[in-house]
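The values are calculated or read from the model by the stated rules, or taken from the named source; none is laboratory data. The structure displayed is predicted, hence computed values, not measured ones. Here Cβ is always computed from backbone atoms with ideal geometry, including for glycine, and neighbour counts include all displayed protein chains.
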Protein chains: 2
Amino acid sequence: MSLRNTLLAAVAATVTVFSFSAVAQETHTLRLAQTWGPNSPILGETTEHFAELAEKMSDGRLRIRIDPSNKHKAPFGIFDLVRHGQYDLGHTASYYYKGTIPNAMYFTTIPFGMIAPEMYAWFYHGGGMELMQEVYEPYGLLSFPGGNTGNQMGGWFREEINSLEDLKGLKMRTPGFAGEVMSELGVAVTNIPPGELYSSLERGTVDAVEWVGPALDFPMGFHQVADYYYSGWQEPNAEVQFLVNQDTWNELPVDLQEILRVAMRTAAYDMYIQSMHESGVAWDRMKENYPNVTHKVFPPEVIEALRETTNRLLREAAENDPMAAKIIKSQHDYLKQVRQWTNISDKAYLNSVAGD
Amino acid sequence: MSLRNTLLAAVAATVTVFSFSAVAQETHTLRLAQTWGPNSPILGETTEHFAELAEKMSDGRLRIRIDPSNKHKAPFGIFDLVRHGQYDLGHTASYYYKGTIPNAMYFTTIPFGMIAPEMYAWFYHGGGMELMQEVYEPYGLLSFPGGNTGNQMGGWFREEINSLEDLKGLKMRTPGFAGEVMSELGVAVTNIPPGELYSSLERGTVDAVEWVGPALDFPMGFHQVADYYYSGWQEPNAEVQFLVNQDTWNELPVDLQEILRVAMRTAAYDMYIQSMHESGVAWDRMKENYPNVTHKVFPPEVIEALRETTNRLLREAAENDPMAAKIIKSQHDYLKQVRQWTNISDKAYLNSVAGD
């Protein structure tokens, strides 16, 4: 073989062996807009955790450039930023887009709905993922679970709530669907920027504040100015969402799509577990340092009224929108089945070891 | 430039660009031994799910060859097979190796211990992973959570248990630590091969059988021959484990290590969620088709006796082994903190909506 042919053969061989690699090794830099600000605990950490998983698993072929809300200035506009392709990815909560895409909110939470593991079971085995995709598809988006806060507390109250009467005229910060329900029961629902919540509660401008749970409530300091911490009903789990621009997704090689998908899935589960851990730590600290802080549950008549009102509002939503009806029914039917199991397993167990 | 030089330059360029790829693209075939047999529901599906995640994310650079127990004939010998390098990976449960490595069992479950999300919080935020590694490291193994069954049921009983007296002389299949505790309370604990359990319960050779939960109990058919299904105390969660040979791990490039780690983590969480789903479906079906099937909880005096005995056996284990003491204390302290949070969140919520 002549030198020329040898060299040609070498080139050919090299090209053959590595041609696939040449495509696969391309680096993809994806821009992600997050609802949360820089250094945001748990929620922001989850975005960063996801990015790190994707980068490490892809050996740097995927790079995720995260813009917190102070960069893009649109914390509640992630849905638009991603569907219009200004960002490839978003990390946000579906229920912020109630105005544009009302049916998205059911993928974050429903009052009196499922607890976190039940919700994941619905997403992955009960048709939830398919319904979520049906809602987002017309906008050229893919959506995936993006992390769960776990069960949210009913809020911090300056006075005890012993009857439905005690809710009448009560000034409370509680947004969204829960706020609508509370309004129907006579609560004066107010909207106050997060930065002013502590001082409003301290001064009595509001009588109660609902935020998240111990992990995220602790840094807000509400336990210093209100003694009664009520168990919740309004967000028995709250799942945030990843949004992915469909065109971006389609351009990625199949292995990187899978790395992205699994990084999102793991980061979401991990956020649920981190929330559980940090709420345990924070609740322990609150009780230790603020002995006046007392855990309370709403009396049965309040729970019953909240529940009836919730069901009525959900019925109205279902009557006005076939897709809403489909999602609400799917969650309702799934809950009915899975809760029977939760009741004879974790619930029965937790009640039998009540002394813990 | 001459043709020869052009070609040489082309070869050089190709080699430069793709030299890294040449290393990274090497295929690694890892052999995995599983405790479970072929087509084993949930547990076996989890092994396969893990392998699929790893292969897809690595674009085939990782291949996992799974040998079920009928292949290697050592369902309870996975620990040895992997540490001696006959297999690279194992999928098994730590508590099967009580004889060789007694402290491993605490990473599967402890009676009256944590429920599944609490256990994951302990593994990932409460020092559990570090302790598990401390136990496995001397054997040249890495260990990772490998899937959770969720809360296990206390078993199928032919007659109701209304007092401690009813346990005396009762013939029951319940292995391991739970069996030791039951023995102390006068139960005649028997060991019967899985294939004979149904007929033993049917004929009354045993009075009760503890297996797992609805998802895995359903195919065994116990609900057809025993009416009383008791909530559990002995395995409030049960985490199975992946074992990885340390030498195999060290030989993998960093990105493939990360892919393996994340595939195991996701598959483990996914098994917990799948177990929740399938137990919901199976329990629903049992109740519908077998109206005699009744859910029961052990009376408080039985729970109290089981708990005191458990605590005494754990105290004895801790006194005899400093490492056991360290793991038991770590779980105990963590549970004490996290359970306070579970109690005011999921437990309070589940109790307030008791009608579900």
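Considering the stretch B:310-356, and only residues there that are within 7 Å of another protein chain (Cβ to nearest Cβ) and among the aromatic types (Phe, Trp, Tyr), the residue that is nearest to the chain's Cα centre (by Cα) turns out to be B:Trp341. Within the stretch B:50-96, restricting attention to residues that are touching a residue at least 40 places away in the same chain (Cβ under 8 Å) and of a type in the set (Lys, Arg), the residue that is farthest from the other protein chains (Cβ to nearest Cβ) is B:Arg83. Total residues in the stretch B:318-336 satisfying the condition of being in a helix (DSSP H, G or I) and surrounded by fewer than 19 Cβ atoms within 10 Å (Cβ to Cβ): the figure is 12. When the test is whether a residue is charged (D, E, K, R), in a helix (DSSP H, G or I) and crowded, with 24+ Cβ neighbours inside 10 Å, B:Glu180 does not pass it.
Please tell me if B:Gln274 is under 28 Å from A:Ala348 (Cβ atoms) and not hydroxyl-bearing (Ser, Thr, Tyr). So B:Gln274 fits the description; yes. Evaluate the stretch B:134-157: report whether one residue or more is part of a helix (DSSP H, G or I) and within 14 Å of another protein chain (Cβ to nearest Cβ). Checking the stretch B:134-157: not a single residue is part of a helix (DSSP H, G or I) and within 14 Å of another protein chain (Cβ to nearest Cβ).
One line per residue, one yes/no per condition, for (1) modelled with pLDDT of 95 or more; (2) farther than 27 Å from B:Leu256 by Cβ:
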| position | (1), (2) |
| --- | --- |
| B:Met57 | yes, no |
| B:Lys73 | yes, yes |
| B:Lys98 | no, yes |
| B:Pro111 | yes, yes |
| B:Glu118 | yes, yes |
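Say whether the condition of being within 11 Å of chain A (Cβ to nearest Cβ), farther than 20 Å from A:Tyr124 by Cβ and touching a Gly at 6+ places or on another chain (Cβ under 7 Å) is met by at least one residue in the stretch B:260-281. For the stretch B:260-281, residues within 11 Å of chain A (Cβ to nearest Cβ), farther than 20 Å from A:Tyr124 by Cβ and touching a Gly at 6+ places or on another chain (Cβ under 7 Å): absent. Of all residues in the stretch B:188-207, those satisfying the criterion of being surrounded by fewer than 15 Cβ atoms within 10 Å (Cβ to Cβ) and not polar (S, T, N, Q) are B:Ala188, B:Pro193, B:Pro194, B:Gly195, B:Glu196, B:Arg203, B:Gly204. Scanning the stretch A:208-255 for residues that are buried (at least 23 other Cβ atoms within 10 Å of the Cβ), within 11 Å of chain B (Cβ to nearest Cβ) and not in a helix (DSSP H, G or I) turns up A:Gly213, A:Tyr229, A:Ser231, A:Gly232, A:Trp233, A:Gln234, A:Glu235, A:Pro236, A:Asn237.
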